[in-house]
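The structure appears right after this line, and notes come after that.
The values are calculated or read from the model by the stated rules, or taken from the named source; none is laboratory data. Quantities reported herein were computed from a predicted structural model and do not represent experimental measurements. Note: ideal-geometry Cβ built from the backbone for every residue, glycine included; neighbour counts use all protein chains shown. Keep in mind that these areas ignore ligands, DNA and RNA; they rest on the heavy atoms of the full protein, side chains included. Shrake-Rupley method; radii C 1.70, N 1.55, O 1.52, S 1.80 Å.
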Amino acid sequence: MLPLLVVLISYLLGSLVTGVLYSRARGADISGRDLPGGSGTYRQFGRNAALLVTAGDILKGVLAVALARTLTPELTWLATLAVVLGHCYPVFFRFQGGAGIAPLLGALLVAAPLTLLGALGTGLILIPLYRATLQSRLKLNAVPFATAVAVPVGLLLSLRCGGLGDLLAGGAAMTLRAVHLLAFPVGPGDRA
């Protein structure tokens, strides 16, 4: 019964998509124009709004996994999966949410902070190095390159420091959303 409660609460937390709530409070719903995460909010409302929305979405992941740690410590991955799925497919907003990055960051911050810091640190170090050395030759954006290296680093760290289940669960939810977004992009004219 407790695992089901954790999943339900985590999903409902994830469904409180901060970008949609923020944009509606401003009188301009972001839905249909952009994804309601930090990047979309930045494009639509600016840096301060994006920071606020990102913090809110990270907080959802933190709260979900903190609850799971209290009630079902061995099943934090269920909370991670549910909060990311809730953010990507929110019940309160016609199942049209964000990409899930910020809630996953928040979940990993509680479930596997060393894994998260190692993967993020790898990415943050690689981006400027790549831009300065290889980007002009490879013609690939720095973020996908850094991600291609940081994800395996995160997986290796999770085997040593914990959080493998959370990383895989959140990553699976984000992969599902990415495939869905590739098939059905969000933007003007893309939504009925």
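Quick notes on this one:
- Among residues of region 72-84 being in contact with a helix residue (DSSP H, G or I) (Cβ under 7 Å, 6 or more places away or on another chain) and not β-branched (Val, Ile, Thr), the one that is most open to solvent (accessible area, probe 1.4 Å) is Trp77.
- Summed over region 87-141, residues that are open to solvent by 80 Å² or more (accessible area, probe 1.4 Å), at pLDDT 95 or above and within 14 Å of the chain's Cα centre (by Cα) total 1.
- Region 126-148 residues that are under 19 Å from Met174 (Cβ atoms), paired with ones that are at pLDDT 80 or above and among the small types (Gly, Ala, Ser) (beta carbon under 9 Å, 6 or more apart): Val143/Gly123; Ala146/Gly123; Thr147/Gly123
- Residue ID - farthest from Arg177 (Cα to Cα), chosen from residues in region 19-38 that are without any contact (Cβ under 8 Å) to a residue 60 or more places away in the chain and in a helix (DSSP H, G or I): Ala25
- Annotation for region 54-71: no member residue is assigned to a loop (DSSP other than H, G, I, E, B), open to solvent by 40 Å² or more (accessible area, probe 1.4 Å) and either farther than 17 Å from Gly100 by Cβ or at pLDDT 95 or above (or both).
- The sole residue among Leu156, Leu116, Leu164, Leu176 that is touching a Gly at 6+ places or on another chain (Cβ under 8 Å) and over 14 Å from Gly37 (Cβ atoms) is Leu116.
- Of all residues in region 1-17, those being touching a Lys or Arg at 6+ places or on another chain (Cβ under 8 Å) and either free of Cβ contacts under 8 Å to residues at least 60 places away in the same chain or open to solvent by less than 20 Å² (accessible area, probe 1.4 Å) (or both) number 1.
- Screening Leu168, Leu155 for residues that are touching a Phe, Trp or Tyr at 6+ places or on another chain (Cβ under 9 Å) and either exposed (fewer than 12 other Cβ atoms within 10 Å of the Cβ) or under 21 Å from Val110 (Cβ atoms) (or both) leaves exactly one candidate, Leu168.
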